[in-house]
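The values are calculated or read from the model by the stated rules, or taken from the named source; none is laboratory data. Being a predicted model, the structure only gives us computed values, none of them experimental. Here the Cβ positions follow ideal geometry from the backbone for every residue, glycine too, while neighbour counts run over all protein chains shown.
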Amino acid sequence: MLAAGASAAGARTASSEPAAATAAATVAARVVPVPAAVRAGGGAFRLTRGTAIEVAGAGTGPGAGGDAAGPAGAGAPAGADGARGTAVPASAAGVAAYAASLLRPPTGYPLPVVALPRATAADRAGGIVLALGDADRGLGEEGYQLRTGARSVVISARTPAGLFHGVQTLRQLLPAAVESRTAVPGAAWTVPDADIRDVPRYAYRGAMLDVARHFLTVAQVERYVDELALYKVNTLHLHLTDDQGWRIAVGSRPRLASYGGSTQVGGGPGGFYSQDDYRTIVRYAASRFLTVVPEIDGPGHTTAALASYPDLDCDGKAPPLYTGTKVGFSSLCVPKAETYAFLDDVIREIAALTPGPYLHIGGDEAHSTSAADYVAYMDKVQPIVTRYGKTVIGWHQLDAAHPVPGALVQYWGTSGRAPEVVAAAKAGTRVIMSPASRAYLDMQYAPGGPPGQHWAGYVEARTAYDWDPASFLAGLPAGAVYGVEAPLWTETVRTGADLDHLAFPRLPGIAELGWSPAATHDWNAYRVRLAAQGPRWQRMGIGFYRSPQVDWPAS
């Protein structure tokens, strides 16, 4: 197989190479993240009114979390139409229902979801076949294979997550009109010839939403989850607390949300998630195979908590609620026992609401906390997190303390030099790469008005893509990078349109760095397939920034 990002000029060794090069070039011009390897398949496949979505392998029947013969989303919570706004079960049948809900509106075809008899081999079926139980152990937890032929397109994987990622590739192989929520007359729903084997580079591929500076509704978060899923992002980091607002209800500390969540940057009404709201977000993310990572920031970025519970301040006096954008002026009182009783209450409840393995403890910009107090705080809060069964994540300043075994640090610097991070990595602490000068989606693209900031520089589409997570940080040992994450801070984000403008087109580039092999990373090749996303985003209602670095198709 050819790496999908490889040029056809490198294909010279076998008689099948011209066809393989053609297949690889076709895929590389359409699919983000670019698949790991592509060769010629068994011919192009065309969807017709008679096409069915067929489910083969384990977890395909009604008892496996979805009705393989029923309607899309059967048994799932009600929501908006089709694939957007409705959770689906995390099973092969659920993935089939999701695929059907994506494809039915634009095609106008019935696309029934049916379970294949166990004796039917996936490669002998017709239609769109989702086959669970691929024998290729190298696919791991998220990899998949996709092979086209005149009678079928077969997606196989070892897990439902792999099938789901394969469906995202199928989606991008189809014309951009597939994103329409109404029928598109006269469209040719053809999947080009391809045989794809695809696995992720990193296990952790994240995006962060800051819902503290400006509150985002459940519906806004779910919409972002759908956009992340298209690019095989598997982690949603929610920055739930900061000086400007506390956004998650804590039963044992009710004023955190009712008072601490009552404002935001600029003095708006703020808001918070009830525990049921948070469960809804977690469940929806899980239906798209994303793990939610909640962040409870400290010891700094804590004005909302201090205003709600003055005993957390060393002087016992409540500061006023804060609606500005400065940082580094607040701190929990590190010597007080009440601080750790408070943290135990909060972390216990948030951990119980969060099925994923991680809990983020923040730790950045604690300028009002002494170095000694910072170390003491981090050394006390980490065991609380582990006691409730979660893996610690912290911003990379955690390395100034003593990261517990298994902890992850998130690098957000800009210089590419961080001796403490490198030293901790050599001792076994793994790193999530989020360099602000590359991966912060709230940076402006170029000089101009809002939304966005530029303290870390102006970050155009190429700047966001053209770096390697494994080598950005000087001296980092091989294998120390656990993954990548694209944070989006919301000091300047007031609307969904602001969110779209900042995330797109940069988010897909960070997603590709996390998924695709390093050997495929090439800006000139990437900008072609990035341009192909433009019509797709228009159909999805995403108001993206038309970077002059990309030759976008005419509207």
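Got a sec? Which of GLY127, GLY166 is closer than 13 Å to ALA99 by Cα and surrounded by fewer than 22 Cβ atoms within 10 Å (Cβ to Cβ)?
GLY127
For VAL233, indicate whether it is part of a loop (DSSP other than H, G, I, E, B), under 30 Å from VAL34 (Cα atoms), assigned by TED's automatic domain parsing to the domain that holds PRO357 and at pLDDT 95 or above.
Answer is yes for this residue.
Where the second residue is assigned to a helix (DSSP H, G or I) and among the β-branched types (Val, Ile, Thr) and the first is under 23 Å from ARG494 (Cβ atoms) and lies in segment 313-339, which pairs have Cβ atoms under 8 Å and are six or more apart or on separate chains?
Matching pairs, first to second residue: LEU321/THR303; TYR322/THR303; THR323/VAL265; GLY324/VAL265; THR325/VAL265.
Mind telling me which of the residues VAL265, VAL293 ends up being modelled with pLDDT of 95 or more and either touching a Phe, Trp or Tyr at 6+ places or on another chain (Cβ under 7 Å) or surrounded by fewer than 23 Cβ atoms within 10 Å (Cβ to Cβ) (or both)?
Within the list VAL265, VAL293, the selection yields VAL293.
Determine whether segment 311-328 contains at least one residue that is loosely packed, with under 14 Cβ neighbours inside 10 Å, in a helix (DSSP H, G or I) and hydrophobic (A, V, I, L, M, F, W, C).
No, segment 311-328 contains no residue that is loosely packed, with under 14 Cβ neighbours inside 10 Å, in a helix (DSSP H, G or I) and hydrophobic (A, V, I, L, M, F, W, C).
Can you tell me how many residues in segment 438-462 are of a type outside the set (A, V, I, L, M, F, W, C) and under 25 Å from LEU408 (Cβ atoms)?
Count: 3.
Taking the conditions exactly as written (under 25 Å from ASP242 (Cβ atoms) and of a type outside the set (S, T, N, Q)), does PRO477 satisfy them or not?
Answer is no for this residue.
Go through segment 449-485 and report how many residues are in a loop (DSSP other than H, G, I, E, B) and either within 21 Å of LEU530 (Cβ to Cβ) or not small (Gly, Ala, Ser) (or both).
Looking only at that region, the number is 17.
Residue-wise test of (1) buried (at least 23 other Cβ atoms within 10 Å of the Cβ); (2) free of Cβ contacts under 8 Å to residues at least 40 places away in the same chain; (3) under 12 Å from the mean Cα position of the chain (by Cα).
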site: VAL199; (1), (2), (3): no, no, no
site: GLY206; (1), (2), (3): yes, no, yes
site: GLN220; (1), (2), (3): no, no, no
site: ASP226; (1), (2), (3): no, no, yes
site: ARG255; (1), (2), (3): no, no, no
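For segment 486-532, which residues satisfy the criterion of being hydrophobic (A, V, I, L, M, F, W, C) and within 30 Å of ASP243 (Cα to Cα)?
ALA486, LEU488, TRP489, VAL493, ALA497, LEU499, LEU502, ALA503, PHE504, LEU507, ILE510, ALA511, listed by residue number.
Output the number of residues of segment 510-524 satisfying the condition of being assigned to a helix (DSSP H, G or I) and crowded, with 18+ Cβ neighbours inside 10 Å.
Here the count works out to 7.
Can ARG462 be described as of a type in the set (Lys, Arg), more than 18 Å from PRO548 (Cβ to Cβ) and at pLDDT 95 or above?
For ARG462, the condition - of a type in the set (Lys, Arg), more than 18 Å from PRO548 (Cβ to Cβ) and at pLDDT 95 or above - is not met.
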